[in-house]
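Working notes, structure below.
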Amino acid sequence: MNKIVILTGAGISAESGLGTFRAEGGLWAQHKIEDVATPEGFARDPRLVVDFYNARRAQAAEASPNAGHLALAKLEAAFPGEVVLITQNVDDLHERAGMSRVMHMHGALSGALCAACDHRWPAPMVMAAGDSCPNCQRPSARPDIVWFGEMPYDMDEIFEHLSGADMFASIGTSGNVYPAAGFVAEARRFGARTVEFNLEPSLVGSQFDDIRIGPATQTLPVWVD
Ligand code: BJW
């Protein structure tokens with residue numbers, strides 16, 4: 001086996017204390033998706049959106065990588081072939097666990113993006129609605145997060161990796177959001193063996209060859225060892 005492609009979602013950071021989206025009491029129970037995760041919501045009420053992400057940034061800074069993140073970093077270091085990590089998460093717990101390369105397809109809390117000129121730069125811990133872009137000086141700073149209706153990052157590279165994967169692993173993601181939920185089908189199409197790690201089968205669970213049920217802090221170290 002030469003290449004393992006891994007997709008992670010909010011479930012891998014849940015045991016670090018960061019909320020998932022669709023669980024009871026999760027992030028979407030407290031906020032309407034269309035208010036905080038769409039460009040239209042941001043245009044309507046930038047302050048609400050910026051405050052939502054300021055709070056998420058503060059929570060992520062307090063959190064630490066867990067045994068699931070550490071197991072994947074160990075896999076990357078020990079595997080003789082290539083390990084490609086694609087995350088939907090906007091926290092930096094994979095990096096802090098020691099992963100050398102992480103593709104943040106839904107953006108990152110650490111980034112700011114100009115809604116006017118697309119310039120990207122490191123976000124301050126606390127953004128304010130109306131912050132200026134350092135490139136075009138317009139008051140168009142927004143969190144560098146991929147909202148519904150926007151194109152996720154690195155898609156060409158991701159599909160290239162999926163087409164060459166010998167194994168595809170999906171960890172802690174509910175299979176509600178595309179294009180990520182379609183990665184398993186794409187990897188299978190090119191002959192990859194597929195495995196899912198979750199507390200329960202996801203919406204696309206039937207497409208996996210193998211499902212490991214349980215908390216990622218327990219199932220991932222066993223898988224990697
Ligand atoms: C554990 C655990 C533990 C808990 N151990 N497991 C109709 C059909 C198809 C597509 C569409 C459609 N209508 C609209 C679309 C497109 C739309 C979409 O998918 N909508 C759906 C709702 C239908 N997608 C988009 O708009 C995307 N862009 C796009 O499609 O562009 C066009 C395009 C075309 C062709 C190719 C490429 C692109 C953009 C999506 C942006 C998503 N953004 C968000 C918010 C921003 C990030 C943030 O604020 O943090 O990203 S939404 C939110 O959901 C967030 C997440 O990354 C994403 C996925 O959630 P995730 O990670 O799966 O979390 P949960 O909470 O859902 O699940 C947690 C899982 O963990 C559960 O299963 C638990 O059981 C498990 N778990 N503890 C292991 N300890």
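With the cut-off at 19 Å, report for region 70-179 the share of all Cα pairs above it, as a whole percent. So the portion of pairs separated by more than 19 Å is 53 percent. Starting from the Cα of E160, move 7 Å in the Cα-to-Cβ direction to define the label point; list residues of region 1-22 whose amide nitrogen is under 11 Å from there. Hits in region 1-22 for E160 at 11 Å: none. In the chain, the longest principal axis of the Cα atoms and the axis of helix 46-62 are about 50 degrees apart. One chain, two ends: F79 and E24. Fully extended at 0.36 nm per residue, the span grows by 16.1 nm beyond their Cα-Cα distance. Estimated from helices alone, the mean residue ellipticity of the chain at 222 nm is -9000 deg cm²/dmol (sum of -39500 (n - 2.57) over DSSP H runs with n ≥ 4, per residue).
Note that region 1-113, at 37 °C in a medium of 0.692 mPa s, gets a Stokes-Einstein diffusion coefficient of 217 µm²/s from its Kirkwood radius over C-alpha pairs.
The modelled label-to-label distance between R138 and A115, using points 7 Å beyond Cα along the C-beta direction, is 1.1 nm.
The numbers here are math on the coordinates, done by the rules we state, and not lab data. Worth saying up front: this structure is predicted, and the values here are computed from it rather than measured. Neighbour counts run over all protein chains shown; Cβ positions are idealised from the backbone, glycine included.
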